[in-house]
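Reading through the structure tokens given below for one structure.
The values are calculated or read from the model by the stated rules, or taken from the named source; none is laboratory data. Here the structure is a predicted model, which means the values were calculated and not measured. In this analysis, Cβ positions are derived from the backbone assuming ideal geometry, glycine residues included, and neighbour counts consider all displayed protein chains.
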Amino acid sequence: MNNVKYDGKSWNSFINALRQLSLRYDANRKLAEKNARVAPATYECATCGRWIYTGKKTLKLANIQAPEGVEVIQQFKPNGSVIKHKIDHIKPFRPVTGERDIFEIFRGLFSEIENYAVICNDCHNIKSKAENKFRREFKKLEKGTEEWDNLLEEYNKFMEQYLWKHYISYQQRVNWHNG
Ligand SMILES: [Zn+2]
């Protein structure tokens, strides 16, 4: 199946269709969201630890009781609608190397719960930006070359640091909740 060739457009439509299915049917994705819910319409960012209020009230009226030291945020789009939390694939379902491995993508879209993290829009932007930078760099290189391998190493290091940040943030949150 990996030998099937797709042109760029049909490949992207195909992946988008799969993505829509995962948004609707992936139970782990929903569970990850449920686990991150800390108050009504409020989710905890797994990266920075802030609480993201996604309701329509003002923050003052919503009166979310967060632990000491935890900031509650509410962000808006230019059109005034609320910016919600993101349910992020820690390991992106579209490999940054640009490889079109349908099984990898499928595994990514229907991930284990550990691969989902609820994060705020700011943290999501930072991560997406870094991933897109890697994507552009990989596009310029040929697989199997030394440059490719070096870039892959750099990317793996980035992911390691990202996961470490997650881990630390998680530990801190466990302490807050228990302390
Ligand atoms: Zn965050």
Inset, instruction - Could you tell me whether Lys157 is among the basic types (Lys, Arg), crowded, with 16+ Cβ neighbours inside 10 Å and farther than 27 Å from Asp7 by Cα? - result: no
Inset, instruction - Report the residue count in the stretch 97-130 for those that are in contact with a strand residue (DSSP E or B) (Cβ under 8 Å, 6 or more places away or on another chain) and in a loop (DSSP other than H, G, I, E, B). - result: 2
Inset, instruction - Determine which member of the set Phe103, Phe93, Phe110 is at pLDDT below 95, out of contact with any helix residue (DSSP H, G or I) (no Cβ under 9 Å at 6 or more places or on another chain) and hydrophobic (A, V, I, L, M, F, W, C). - result: Phe103
Inset, instruction - Can you tell me which residue within the stretch 138-151, out of those that are in contact with a Phe, Trp or Tyr (Cβ under 8 Å, 6 or more places away or on another chain) and surrounded by 11 or more Cβ atoms within 10 Å (Cβ to Cβ), is nearest to Thr47 (Cα to Cα)? - result: Leu151
Legend entry - Selection count where residues are under 11 Å from Ile15 (Cβ atoms), in contact (Cβ under 8 Å) with a residue 24 or more places away in the chain and under 17 Å from the mean Cα position of the chain (by Cα), scope the stretch 94-115: 4
Inset, instruction - Being surrounded by 11 or more Cβ atoms within 10 Å (Cβ to Cβ) and at pLDDT below 95 is the filter here, so list the residues in the stretch 76-86 that pass it. - result: none
Inset, instruction - List the number of the failed condition for Thr47; all other conditions in (1) closer than 21 Å to Asn121 by Cα; (2) part of a helix (DSSP H, G or I) hold. - result: (2)
Inset, instruction - Among the residues of the stretch 24-44, write down those that are modelled with pLDDT under 90 and part of a loop (DSSP other than H, G, I, E, B). - result: Asp26
Inset, instruction - Mind listing whichever residues of the stretch 77-126 are of a type in the set (Lys, Arg) and farther than 17 Å from Asp26 by Cα? - result: Lys77, Lys84, Arg100
Legend entry - Answer residue from the stretch 138-163, given it is more than 14 Å from the ligand (Cβ to nearest atom) and hydroxyl-bearing (Ser, Thr, Tyr) and is farthest from Ser22 (Cα to Cα) among those: Thr145
Inset, instruction - Filter the stretch 103-132 down to the residues that are among the aliphatic types (A, V, I, L, M) and surrounded by fewer than 16 Cβ atoms within 10 Å (Cβ to Cβ), then identify the one that is nearest to Leu152 (Cα to Cα). - result: Ala130
Inset, instruction - Identify the residue in the stretch 25-44 that is under 16 Å from Cys123 (Cβ atoms) and of a type in the set (D, E, K, R) and, among all such residues, is farthest from the ligand (Cβ to nearest atom). - result: Glu33
Legend entry - Within the stretch 50-75, considering residues that are surrounded by fewer than 20 Cβ atoms within 10 Å (Cβ to Cβ) and within 13 Å of the ligand (Cβ to nearest atom), the one farthest from Cys120 (Cα to Cα): Val70
Legend entry - Residue identified as outside any helix (DSSP H, G or I) and either away from the ligand (no atom under 16 Å from the Cβ) or loosely packed, with under 12 Cβ neighbours inside 10 Å (or both) among Arg94, Arg135: Arg94
